[in-house]
Amino acid sequence: MRVHHLNCGTMRPVGGKLIDGKPGLFRRAELICHCLLLETDSGLVLVETGVGTPTVTRPVEWLGAGFVRLVHPDSDDDLSAPTQIRKLGFDPADVRDIVLTHLDLDHAGGLVDFPHARVHVHDRELQALEKPIDRKEASRYRKVQFDHGPIWRSYRADGEPWFGFDAVRELDGVPDVLIIPLAGHTRGHAGVAVDTGDGWLLNAGDAVFHGGELERKPHIPLALGFFESYMQTEKTARLDNQRRLRELVSNNGAEVTVFAAHDATAFERLSQRSRL
């Protein structure tokens, strides 16, 4: 399997090092939408979609005025998944399957760009979209992003153990890709694990917001940590899964590479490694 690392949406909130941890306070921070394009024997598979091409021409309608005002997403077609897939020499129509960590607008906003692909997601996340338990849960999902009628494939939390995580599921028709339930950020949040043939890649989505949370002494920039807590749905589950992810990195880091979906530093490192 060949893996391509794509950034399908750059966000530039104010706050500098309070957001991304890099030097400089009076600048815009940089967060990205880390997606994977997998070349498999059964076709192209996309892990996450980023914010989607409608962000280029109608960002407020697509992402919401509050999100646009807060994070200042780049309106750049070069960052869209279809454009990047074409530059790699593929036809976006050949993406047959999409695997999502969850359905927040910066992870599922590009589903509309692949209307004929099957969309694999945790069952609890699809329930949250279709039957939210309260107004806060309902408000995090942008219904306009799903009006085209995605072809859903949902999975319950059962399956074979994987590096200490009890509930995983191999996807229907997508070998070597697993959904790892990591509730907390949303109630159906999951990681997506990919067997590259040379070790595992685990897109932890928003189970962690910053790579520092995976270290033995976890840390996160102040403002980003506040936002992470504000956006959580299940605090206890989130903290427990972060602890388990740290244990995974500590005990099995040679076999499993874990990254946070919005960590630009991890994206740069993994992108360079994949090109070697």
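With Thr83, Thr101, Thr55 as the choices, which residue is in a loop (DSSP other than H, G, I, E, B), in contact with a helix residue (DSSP H, G or I) (Cβ under 7 Å, 6 or more places away or on another chain) and open to solvent by less than 40 Å² (accessible area, probe 1.4 Å)?
Matching residue, one of Thr83, Thr101, Thr55: Thr101.
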### Task
Filter the stretch 151-164 for residues that are farther than 15 Å from Arg124 by Cβ and in a loop (DSSP other than H, G, I, E, B) and give the result.
Glu160, Pro161, Phe163, Gly164
### Task
Count, please, the residues in the stretch 115-131 that happen to be open to solvent by 10 Å² or more (accessible area, probe 1.4 Å) and outside any strand (DSSP E or B).
9
### Task
Could you please let me know if His148 is in a loop (DSSP other than H, G, I, E, B), over 26 Å from Val3 (Cα atoms) and touching a Pro at 6+ places or on another chain (Cβ under 8 Å)?
yes
### Query
Ala167: within 13 Å of Asn241 (Cβ to Cβ) and in contact with a Ser or Thr (Cβ under 8 Å, 6 or more places away or on another chain), yes or no?
no
### Task
Report, ordered by the first and then the second residue, all pairs with beta carbons closer than 9 Å, sequence separation of six or more or different chains, a first member in the stretch 230-248 that is in contact (Cβ under 8 Å) with a residue 60 or more places away in the chain, and a second member that is part of a helix (DSSP H, G or I).
Thr233/Ala128; Thr233/Lys136; Thr233/Glu137; Leu245/Glu213; Leu245/Leu214; Leu248/Leu214
### Task
Select from the stretch 23-52 the residues that are open to solvent by 20 Å² or more (accessible area, probe 1.4 Å) and in contact (Cβ under 8 Å) with a residue 60 or more places away in the chain and list them in ascending order.
Glu30, Leu31, Thr40, Asp41, Ser42
## Note on the structure
When (1) more than 19 Å from Pro161 (Cα to Cα); (2) open to solvent by 20 Å² or more (accessible area, probe 1.4 Å); (3) of a type in the set (Gly, Ala, Ser) are applied to Gly225, the one that fails is (2)
### Message
For the stretch 58-80, give me each residue that is surrounded by 13 or more Cβ atoms within 10 Å (Cβ to Cβ), touching a helix residue (DSSP H, G or I) at 6+ places or on another chain (Cβ under 8 Å) and part of a loop (DSSP other than H, G, I, E, B).
### Response
Gly64, Ser75, Ser80
### Query
Do you know which residues across the stretch 243-272 are open to solvent by 10 Å² or more (accessible area, probe 1.4 Å), modelled with pLDDT of 95 or more and of a type outside the set (D, E, K, R)?
Val249, Ser250, Asn251, Asn252, Gly253, Ala254, Thr257, Val258, His262, Thr265, Phe267
### Message
Given (1) in contact with a strand residue (DSSP E or B) (Cβ under 6 Å, 6 or more places away or on another chain); (2) crowded, with 16+ Cβ neighbours inside 10 Å, identify the lone condition not met by Gly109.
### Response
(1)
### Message
When you scan the stretch 231-238, do you find a residue that is open to solvent by less than 20 Å² (accessible area, probe 1.4 Å) and among the aliphatic types (A, V, I, L, M), even just one?
### Response
no
### Query
Looking at the stretch 132-172, which of the residues that are touching a strand residue (DSSP E or B) at 6+ places or on another chain (Cβ under 7 Å) and open to solvent by less than 50 Å² (accessible area, probe 1.4 Å) is modelled with the highest pLDDT?
Pro150
### Query
From the residues in the stretch 202-213 that are touching a helix residue (DSSP H, G or I) at 6+ places or on another chain (Cβ under 9 Å) and open to solvent by less than 20 Å² (accessible area, probe 1.4 Å), which one is nearest to Thr101 (Cα to Cα)?
Gly205
### Query
Among all residue pairs at least 6 apart or on different chains, which show Cβ distances below 6 Å where the first residue, located in the stretch 96-123, is free of Cβ contacts under 8 Å to residues at least 40 places away in the same chain and the second is part of a loop (DSSP other than H, G, I, E, B) and open to solvent by 10 Å² or more (accessible area, probe 1.4 Å)?
Pro115/His148; Val119/Pro150
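The values are calculated or read from the model by the stated rules, or taken from the named source; none is laboratory data. What you are looking at is a predicted structure, and each value in this text was computed from that prediction instead of being measured. Every residue, glycine among them, receives a Cβ derived from its backbone with ideal geometry; neighbour counts consider all protein chains shown. In case anyone asks, the SASA skips ligands and DNA or RNA and just uses the protein heavy atoms, side chains included. Shrake-Rupley method; radii C 1.70, N 1.55, O 1.52, S 1.80 Å.
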